[in-house]
Each structure stands twice: as C-alpha cells, then as structure tokens.
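Down below is the structure, laid out as structure tokens.
The values are calculated or read from the model by the stated rules, or taken from the named source; none is laboratory data. Here the structure is a predicted model, which is why all the values come from computation and not from measurement. With ideal geometry, Cβ positions are generated from the backbone for all residues, glycine too; neighbour counts draw on all protein chains shown.
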Amino acid sequence: MNDLQTKDKSPASLPSDFVTDVLQVCIVTRDYRRAIAGFLKLGIGPWRVYTFGPDTVSSMTYRGQASPHVMKICLATTGNMEWEIVQPVVGPTIYHDFLEKHDEGVHHVAIKCLNLTWAEKVARLEEQGFRVIQSGSWLGKMHYAYFETESSTGTTFEIWDEPVGFVMPEPEELWPNPSAAITEAK
C-alpha cells in the first residue's frame, strides 16, 4: 500500500454526486433579534420568524429519544441560498449543546441530496456512520434531520424533505417590519 491508500475498513464513501447543492447556512444565537439586526446591516433580509415546538412540529427527537423542544427559527434568502438563525428556547436540543460548547456561531449547513426518498437519504448517511441527532416533521409535511458529522467535517449537516407544492406559512414576525416602515413614513 502506498501513502494514499488506507487499511481503513470503513464503508465506501457516498458517490460524489450525493450532495447536489448547499441549501442553507445556520447561525445559532442566544438573541435572534440582535442577530437579525446584524444581518440587516449586511443587507441580508427580510427575515421571517417562526416558532418550532410541539404545536408545529411532530415526531421531535433529540439524540434518539422523543423530545419536545422549542426554538425560534428565522429565515432569509440571498440568491439561491437560505440563511437561518436559530435561538433555542426550551431544550434539550443540539442548539443548546452548541452554545454550551462553542458559544454563538455557524452551527450547520443544510444540503440537498440525490433525488431519493426520505428514508433512503437518511439510510445512506447513517450507513456512513452519521447518526441522526435531532429530527422532526414541521407542520406534518416537511421532515428534517441533523446528523452527527461535526467530528468528521467540523460542522453539523442537515437534510430536509420539502414536499412538492409546499407553501411556507405566514411568519409570526417579519423583519424589517413593513407596517413599521409605513408608520414611520407618515
């Protein structure tokens, strides 16, 4: 064996076309309003804010166990990429873990995978030794899962399964607030 070969008996790598796109970069924070204000200074926005919790997310898990938790999810788009800000509210969650270990910062990257079923995507990642560390189903329609990839890649990876025709619900908050701009203009 030469230096480029290995005796490692780990499973074969996923095909190089398994990841087809980067969909999202997520920042975890203790104060989503402060984080949004900073992103708006960079020209990134508008931001849509949602609460993910037992009322909106079914089948919530954390490290293999059923675990109802609550988090603020804030979304904005630039070009073809989505930005996400997450503020954990009630845990435990992988976001609480991250804040304890790293403080605020880039938490995960969401990827689009080959056109496979949800179960096939999850199975392929788990075959590589990347176990699901948090998951759920938003509005009973959009499945998502985070994988324990940090020790191998330096960050966590997420996948989701958005059904054809899925329409985002109205946000709880919108930043900047359009009605505030109208009031200020008067």
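Restricting to segment 73-83, give me the number of residues that are exposed (fewer than 14 other Cβ atoms within 10 Å of the Cβ) and not β-branched (Val, Ile, Thr).
3
Exactly one residue among Val28, Val70, Val49, Val109 is in contact with a Ser or Thr (Cβ under 8 Å, 6 or more places away or on another chain), touching a residue at least 60 places away in the same chain (Cβ under 8 Å) and buried (at least 17 other Cβ atoms within 10 Å of the Cβ), and that residue is Val109. The combined condition, being surrounded by fewer than 17 Cβ atoms within 10 Å (Cβ to Cβ) and either of a type outside the set (Ser, Thr, Tyr) or modelled with pLDDT of 95 or more (or both), is fulfilled by Ala119.
State yes or no: is Ala180 under 16 Å from the mean Cα position of the chain (by Cα), outside any loop (DSSP other than H, G, I, E, B) and either at pLDDT 95 or above or at negative phi (or both)?
It is false that Ala180 is under 16 Å from the mean Cα position of the chain (by Cα), outside any loop (DSSP other than H, G, I, E, B) and either at pLDDT 95 or above or at negative phi (or both).
Residue-wise test of (1) at pLDDT below 95; (2) aliphatic (A, V, I, L, M); (3) more than 18 Å from the chain's Cα centre (by Cα).
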site	(1), (2), (3)
Val19	yes, yes, no
Thr29	no, no, no
Ala35	no, yes, no
Gly64	no, no, no
Ile73	no, yes, no
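Count of segment 57-67 residues, restricted to those that are surrounded by fewer than 14 Cβ atoms within 10 Å (Cβ to Cβ) and under 20 Å from Phe157 (Cβ atoms), is 2. Residue selection: Glu170 satisfies the criterion of being under 21 Å from Thr56 (Cα atoms), without any contact (Cβ under 8 Å) to a residue 40 or more places away in the chain, charged (D, E, K, R) and out of contact with any Lys or Arg (no Cβ under 8 Å at 6 or more places or on another chain). Among the numbered conditions (1) exposed (fewer than 13 other Cβ atoms within 10 Å of the Cβ); (2) outside any loop (DSSP other than H, G, I, E, B), the only one that Ser16 does not meet is (2).
Hey, could you check segment 133-159 for residues that are crowded, with 18+ Cβ neighbours inside 10 Å and β-branched (Val, Ile, Thr) and say which is farthest from Tyr50 (Cα to Cα)? Ranking the qualifying residues of segment 133-159, first place goes to Thr149.
Being touching a residue at least 60 places away in the same chain (Cβ under 8 Å), over 30 Å from Leu42 (Cβ atoms) and not in a strand (DSSP E or B) holds for only one residue in Gly129, Gly165, and it is Gly129.
Against the test of being under 29 Å from Ser13 (Cβ atoms) and among the aliphatic types (A, V, I, L, M), the options Val106, Val90, Val86, Val164 yield a single qualifying residue, Val106. Residues being surrounded by 17 or more Cβ atoms within 10 Å (Cβ to Cβ), in contact (Cβ under 8 Å) with a residue 12 or more places away in the chain, in a helix (DSSP H, G or I) and β-branched (Val, Ile, Thr) are represented in segment 84-105 by at least one member.
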